[in-house]
Amino acid sequence: MAGTGVASIGECMLELSGQTGPNWRMGFAGDTFNTLWALHALSAERPATYVSAFGDDPFSQGQIDFFAENGIGIGSSPLIAGARPGLYAITLTGAERSFTYWRGDAAARQLASDPAALSKNLENQALVYFSGITLAILDEASRAALLAAVAKARSAGSLVAFDPNYRPRLWRNREDAKAAIVEALAVTDIALPTFPDEQMLFEDATPQVTAKRIGQIVGEVVVKNGEAPALIAQAGTLREVPAIHVAAPADTTGAGDSFNGGYLAARLAGHDPLEAARRAHRVAAAVVQVRGALAPFETLRAAFAG
């Protein structure tokens, strides 16, 4: 591997959750940040970098300060004058969530505006992680710069992990999403798709179809499927790892992201894919029992350890 650090690329937004009457609780979250949060909690000895772009407003500074307070840096991520973070609000029906977004002019859309800085952020990393949302918020030129930087890091020895995380509203059309995701899979070592997303975009009939399709491109595939078993494809073999049923979840936000963080932490620690998935399921089960996308580090560590 190229180094000891872990880097995650994408958009961290302002998160409004826990509404009580007219009042909301504000935090920071976003798919690739949620994964890095869990990964950092479970691999605290590894330097953690969140690769994005930030504004020069008080909310952006609040993000950067929050990262630093929790041991996460931003490397050479650009600071964009006049820009600001995206925002989303979580609305719950029981434990199931829906989201409302304000992110069209978010600073993170410029995360590849300086390709040299982007490449520098990915140097000497044991792991580089990104998602389909990372791809979706970028224009074509920036997307190409991102994939070139990831490919360069991989050729230098970094392990690359990717979650396709298809969100239709972020893409111009299905064809663009398919093409970009297939390009990303071509520079990926560990793919972490979610079956309903893959079914929606690629019309896969079963998780097995998803695992086999992606397995033709990527050496290690973990298909998440809610409370159904995760399906691992490696070296042409498919194996299931049962999920953990949570009788009374509080909030399912961030469950899949935290699964990814738990799985990658376990793989970096030397566990095989089956054991990594078992630990990841425990982490995800713990996360759905707290409000918001980020569970306390202690909660994540206790779940990971079992």
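Tell me, yes or no, whether region 27-45 has at least one residue that is in contact with a Lys or Arg (Cβ under 9 Å, 6 or more places away or on another chain) and of a type in the set (Val, Ile, Thr). There is no residue in region 27-45 that is in contact with a Lys or Arg (Cβ under 9 Å, 6 or more places away or on another chain) and of a type in the set (Val, Ile, Thr). Inside region 217-227, can you point out the residues that are open to solvent by 50 Å² or more (accessible area, probe 1.4 Å) and within 19 Å of Val283 (Cα to Cα)? Within region 217-227, Gly226, Glu227 meet the criteria.
All of Pro58, Pro85 fail the test of being more than 20 Å from the chain's Cα centre (by Cα) and on the phi < 0 side of the Ramachandran plot, apart from Pro58.
For region 134-162, give me each residue that is under 18 Å from Val222 (Cβ atoms) and open to solvent by 10 Å² or more (accessible area, probe 1.4 Å). Listed by number, the list holds a single entry, Leu159. State which residue is most open to solvent (accessible area, probe 1.4 Å) when the search covers only region 21-31 and only residues that are over 20 Å from Ala277 (Cβ atoms) and in contact (Cβ under 8 Å) with a residue 24 or more places away in the chain. Among residues in region 21-31 that are over 20 Å from Ala277 (Cβ atoms) and in contact (Cβ under 8 Å) with a residue 24 or more places away in the chain, the one most open to solvent (accessible area, probe 1.4 Å) is Arg25. Figure legend. Inter-residue proximity from region 286-300: first residues in contact (Cβ under 8 Å) with a residue 24 or more places away in the chain and farther than 21 Å from Ala44 by Cα, second residues open to solvent by 40 Å² or more (accessible area, probe 1.4 Å) and in a loop (DSSP other than H, G, I, E, B), beta-carbon distance below 9 Å, spacing 6+ or different chains. Indicated pairs: Val288/Pro249; Gln289/Ala248; Gln289/Pro249; Val290/Pro296. Within region 36-55, being in contact with a helix residue (DSSP H, G or I) (Cβ under 9 Å, 6 or more places away or on another chain) and surrounded by fewer than 16 Cβ atoms within 10 Å (Cβ to Cβ) holds for one residue alone: Ala44. Could you check region 228-279 and list, in sequence order, the residues that are open to solvent by 30 Å² or more (accessible area, probe 1.4 Å), at pLDDT below 95 and of a type in the set (Asp, Glu)? Scanning region 228-279 gives no hits.
The values are calculated or read from the model by the stated rules, or taken from the named source; none is laboratory data. Treat the numbers as computed from the prediction; the structure is a model and nothing was measured. Neighbour counts are summed over all protein chains in view; Cβ atoms, including those assigned to glycine, are modelled from backbone coordinates with ideal geometry. To get the accessible areas, we keep the full protein, side chains included, count just its heavy atoms, and leave off ligands, DNA and RNA. Shrake-Rupley method; radii C 1.70, N 1.55, O 1.52, S 1.80 Å.
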